[in-house]
Amino acid sequence: MDKIVALSKRRGFVFPSSEIYGGLASSYDYGHYGVLLKDNVKARWLEAMVRERDDIVALDSSIILHPRVWEASGHVSGFSDPLVDCRTCKQRFRADHLADPEHEEVRCGKRPSKRPGETPVCDLTEPRQFNLMFQTRVGAVEETGVDVYLRPETAQGIFINFKNVAQIARRKPPFGIAQVGKAFRNEITPGNFIFRTLEFEQMEMEYFVPPDEADEWYRYWVDERYRWHLRYGVRESHLRVRPHEAEELSHYSSGTSDIEYLFPIGWSELEGIANRGDFDLTQHAEFSGTKLEYVDTATGERYVPHVIEPAAGVGRTVLALLCDAYDEDDIGGEQRTVLRLAPHIAPIKVAVLPLVNKDGQPEKARAIYEQLRELWPTEYDAGGSIGKRYRRQDEIGTPWGVTVDGQTGEDRTVTLRDRDSLEQVRVPLDELGDELGRRLADPWRS
Ligand code: ATP
């Protein structure tokens, strides 16, 4: 993880937030390549959820919703962690993590670092419930304002729009509503980089189905989402589906599976898929007084659809992709670090480099760059030795490098370098676009 954190900072993927003020725990800012990578993750998700399908539509709901939404959803009363404070080291821990072997990383603040409660000076409080929702106030005047919450998940914005979408989009179950957006949780456990942050983006889809089809669609979505992660390069040996045990299930769920990735911190949740039954629509119907059901106007049939929810985090997906792609190898005795990102995920697809900064090479390279950037995210790089520039592109995961050299002026060919195989071939300039297009269209194998 330290290597991933260092590379992320060195190459401008992710910075610690508010760094010049000493940082803010569990908060990170995304730099240039981080933004491009994150945008690609979201685009691939929306592509698979909305663009390639006829049965799912998009939504972008508000971050601040009517406060009753969170009463209906159960978040006001139930969205909390049991916390324990240590009066000696002033650290705060999740009570349920203290004796859990899966959370070995939970350590007391005193040296030598042991599990909280294991040193003679540890002085732990009784567990207390701590609500994870951030509260704020709407209204300029303190006395007349209304307490509201920053949403801790995007899902509720979808449920409360069920009627709008079902009517306007003229959808009949099974159909889904997909949303990508920020969510906020007052997380108190140590962050593990971007794995767990105070604010993060979620990619959630609520799939509304006839009640008797719920089990079948639940299995379908577990499978579908597992395959999505594989499609973009995550190694199969690092990905698994873990069905929840009966005692782990939320009260409303009749089935939940986590898609887990083998992060450097161990197997951890990347995405959750839940069969939520009719809990959400029934709750919102009761709290709002609005009927939320499907009515077939032809047959008069009416029912409250059941919901299957695949919920993924953008930051966690980015972290899994970075961990999976990170590699170190040896080229002719020289160490290199390389991100073997799938081309559809890589922030930059092609780098165009003049071999030397003279003899008209920069001008020729720049002209090629101007053409390619119209097709794909492309970078022009003329600074430093050619080896250094390749190394830089390898570290940001650029799959292909195009080098203009002395021969280019003579026979209008360039060198095309492959990040992973390091193969270099000469390609006529006129065929470069087609060749890159062909390579991008090839199925990706990690
Ligand atoms: P965890 O058990 O790790 O806290 P969760 O089960 O509470 O996660 P969900 O409520 O199912 O998470 O949220 C769906 C997805 O949103 C998670 O699989 C994860 O990818 C992402 N996510 C949840 N909380 C955070 C967070 N604090 N930081 C980053 N991503 C998060």
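The values are calculated or read from the model by the stated rules, or taken from the named source; none is laboratory data. Note that this is a predicted model, so its numbers are computed, not measured. Quick reminder, even Gly has a Cβ in these numbers, built from the backbone with ideal geometry, and neighbours come from all protein chains shown.
Among what's in segment 260-303 and is aromatic (Phe, Trp, Tyr) and either surrounded by fewer than 15 Cβ atoms within 10 Å (Cβ to Cβ) or farther than 16 Å from PHE175 by Cβ (or both), pick the residue that is farthest from the ligand (Cβ to nearest atom).
Once the filter is applied, the top-ranked residue is TYR303.
Taking the residues in segment 164-200 that are of a type in the set (D, E, K, R) and more than 10 Å from the ligand (Cβ to nearest atom) as candidates, determine which candidate is nearest to ILE64 (Cα to Cα).
LYS182
Need pairs with beta-carbon distance below 7 Å; first residue of a type in the set (Val, Ile, Thr) and within segment 309-321, second in a helix (DSSP H, G or I) and at pLDDT 95 or above; sequence gap 6+ or separate chains.
Partner pairs satisfying both residue conditions: VAL314/LYS38; VAL314/VAL41; VAL314/LYS42; THR317/VAL41; VAL318/LEU37; VAL318/LYS38; VAL318/VAL41; VAL318/ILE194.
For segment 62-96, name all the residues that are in contact with a helix residue (DSSP H, G or I) (Cβ under 6 Å, 6 or more places away or on another chain), surrounded by fewer than 18 Cβ atoms within 10 Å (Cβ to Cβ) and either within 16 Å of GLY191 (Cα to Cα) or not hydrophobic (A, V, I, L, M, F, W, C) (or both).
Those that are in contact with a helix residue (DSSP H, G or I) (Cβ under 6 Å, 6 or more places away or on another chain), surrounded by fewer than 18 Cβ atoms within 10 Å (Cβ to Cβ) and either within 16 Å of GLY191 (Cα to Cα) or not hydrophobic (A, V, I, L, M, F, W, C) (or both): ARG68, PRO82.
For the list (1) among the small types (Gly, Ala, Ser); (2) surrounded by 15 or more Cβ atoms within 10 Å (Cβ to Cβ); (3) out of contact with any Pro (no Cβ under 9 Å at 6 or more places or on another chain), I need the number of the one condition that GLY34 fails.
So GLY34 meets the others, but not (3).
State all residues of segment 141-160 that are farther than 15 Å from HIS66 by Cβ, of a type in the set (Asp, Glu) and more than 12 Å from the ligand (Cβ to nearest atom); if no residue qualifies, say none.
Within segment 141-160, GLU142, GLU143 meet the criteria.
The rows are residues; the columns are (1) part of a strand (DSSP E or B); (2) at pLDDT below 95; (3) within 27 Å of SER80 (Cα to Cα); (4) hydroxyl-bearing (Ser, Thr, Tyr).
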{"position": "SER250", "(1), (2), (3), (4)": "no, yes, yes, yes"}
{"position": "GLU260", "(1), (2), (3), (4)": "yes, no, yes, no"}
{"position": "GLU286", "(1), (2), (3), (4)": "no, no, yes, no"}
{"position": "THR290", "(1), (2), (3), (4)": "no, no, no, yes"}
{"position": "THR297", "(1), (2), (3), (4)": "no, yes, no, yes"}
{"position": "GLU309", "(1), (2), (3), (4)": "yes, no, yes, no"}
{"position": "ASP324", "(1), (2), (3), (4)": "no, no, no, no"}
{"position": "ASP327", "(1), (2), (3), (4)": "yes, no, no, no"}
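Quick check on SER385: is it more than 13 Å from PRO354 (Cβ to Cβ) and at pLDDT below 95?
Here the answer is no, as SER385 does not meet what is asked.
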